[in-house]
Every structure is written in structure tokens, then in C-alpha cells.
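For reference, the structure discussed in these notes is given below.
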Amino acid sequence: MYIVEKEAAAYKEARNYADDGICGDIMDFLWADRWTAFDYIVFADVLEHLPDPGAVLKRCRSILKDTGRILISIPNIAHNDVLIRMFQDRFQYTNIGLLDDTHIHFFARKSILPMAHQTGFVLTGIDYVSLPTGGTEQFWNEDVRVCPELMNLLWERPFGEVYQFVFSLGKQEHAEEIAMSSGGFASIE
């Protein structure tokens, strides 16, 4: 396992569990010239913090094996709690979570597809972590009032309570080979 971590203290801690690492900005692309031939590349809540996540994904093509996968976890900006806030004309950044104040980009379920295709990848699987409506950091301890009609519409949304998506991407030209080894992810349909 190899890591790239920008913060020195976090790098020092994570390096205890890694075979190799770079303490620096992922956008400097030092990793792209240093390592090759990965089965998996994991972006655990990373892409939403980068100025150009597409450029990072594109560079990953050169260090990912033909049938390798990129695993991406991303908070779901379309969670019902965020939509309720928007209906109340509120957009509140927080220290953690869906609207973490360090996020530069926001993604929903279908938002990742255009970036994946533009960088030469296809979506090969999807999984997610759910939190119930009213159960995220967007609600704090305040009294949030929502009309029953809106709540009914929100509860009908199939991915409205998804807090975080985990996407699996593979190289477009090897999509069939990757699909044959599904790796435990749910269908993308």
C-alpha cells in the first residue's frame, strides 16, 4: 500500500501502515512518475477537496493495471437533509460531513459519470452508506419544520438518504473484462 498525504502529521501516522508514501499535494503529481501497475487506487473522501479531480483521475490511467479499479468515496450533496436546507433557503458549511467547509466540488450519484467518461473510465459498480433524513450534521439540534408533502416526495427518492457513495471505475477499453469480475459491488443500473 502506498499513500499520498498533504498534512505532515497525518502522513507520519499513515506511513506506519504503508509500504511507501509521499508527503505532498496530490495535484503536484509526484506519485504519477514514482509508482506503476496498481490493482486498486483508492480515493477515500479526496476528490471533492481537489481543484481538478478530473486531472488526477486522468493521470491514474498510467499507473492503473488494465483491469484495475479506482474506488472513490464521495459524500452525496443530494442527501434529503441538504435539500431540506435548500428549500429553507439555507446553505450552511460545516466542519465535517456533506458540506465540509474544505469541499471545493460537490457530487451526487450521476455527477461522477461525466468526469469518469472524460477521463477514460466507466462506472463498474456502486455502493453506499445511508443516514436517515434528519440524521446528518446538517440538522444540528434545531427544530426543522418540513411540510408533509415535501417529506413524502423526499422519502420517495431512491437515493435521498445516501450519505456517501462508493464508486468503482475501470478503464473504458477493459470494461467487459472488469465486469466479469464484479468484485462485490452492486449493479450500476
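Quick notes on this structure:
- Computed over the chain, relative contact order equals 24 percent, with contacts defined as Cα pairs under 8 Å that lie 6+ residues apart.
- Beta bridges from DSSP with both residues in the stretch 40-182: antiparallel share about 70 percent, rounded to the nearest 5.
- The distance from the alpha carbon centre of the stretch 106-180 to that of the stretch 43-97 is 10 Å, rounded to a whole number.
- Cα gyration tensor, the chain - rounded (a/c under 1.5), prolate or oblate: oblate
- Placed amide H near residue 134: partners under 5 Å, 5+ positions off or other chain: 81
- 12 Å beta-carbon shell around residue 23, net charge (K/R +1, D/E -1): -3
- Rounded to the nearest 500, the helix-only mean residue ellipticity at 222 nm of the chain stands at -7000 deg cm²/dmol, with each DSSP H run of n ≥ 4 adding -39,500 (n - 2.57).
- The H on the amide N of residue 38, modeled in the peptide plane, is under 5 Å from the matching H of 64, 65, each at least 5 residues off or on a different chain.
- Partner lysines whose Cα lies under 23 Å from the Cα of residue 6, excluding those fewer than 8 positions away in the same chain, are identified as 58.
Quick note: the coordinates plus some simple rules give every number you see, no bench work behind them. This one's a predicted model, so the numbers in the text were calculated from it and none came from an experiment. Note that each Cβ is placed from the backbone with ideal geometry, even for glycine, and that neighbours are counted across all protein chains shown.
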